[in-house]
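What follows is calculated from the coordinates using simple rules that are stated; it is not laboratory data. These numbers were taken from a predicted model, which means no experiment stands behind them. Note that each Cβ is placed from the backbone with ideal geometry, even for glycine, and that neighbours are counted across all protein chains shown.
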Amino acid sequence: MSTAKKPAYDAFQFPQFDVSNFDIAKLSEGYRDFAEKAMSQSTEVYEKYKTAAEEATASAQKSFDAMREGVAVMSAKAIENTKTNTEAGVAFVEKLAAAKTFAEVLELQGEFFRSAFETLASQAKETQDLAVKVGEKTVAPAKAATQKAVAEVTKAVEKAA
């Protein structure tokens, strides 16, 4: 009787099952039917998950593309608004420099503030409308995918009932 100790890692080693040498013909008929049915179901489930993953990836890609395009449009609009507001500010300073009286300065200042407020309000409304459109376009692919998934689940539940 040997008292030699086995290394610790040997205690956690499990026999390996080589699938490549597995012969399904050696199984009894019941086990063979079970294995074939399980394999068929596994393949079917795998295909469904693969399809769902591909659809989810495509939906996410569409959402990201829409978001990227929307952010580009919003950035261009912000640059355009900045240019417009800067030009209005420069024109106001030029008019102030040409003013002859303090009353004229006050009048120009009042006109500028009124005009600037109206412009900023208009720009804010445009930006808000644009942000809503970008948001809707970004969410649309995910919304469509969710509606499709809910319809498929509902159909499966109705079929199972």
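Quick notes on this structure:
- The aspartates and glutamates whose alpha-carbon is closer than 18 Å to the alpha-carbon of Lys100, local same-chain residues fewer than 8 away aside, are Glu111.
- Available extension along the chain between Phe113 and Ala58 is 14.9 nm, counting 0.36 nm per residue and deducting the alpha carbon span.
- Contact order for segment 25-161, expressed relative to its length and based on alpha carbon pairs under 8 Å spaced 6+ residues apart, stands at 43 percent.
- Förster radius 25 Å - calculated FRET efficiency between Ala72 and Ala121, Cβ distance, rounded to 0.05: 0.55
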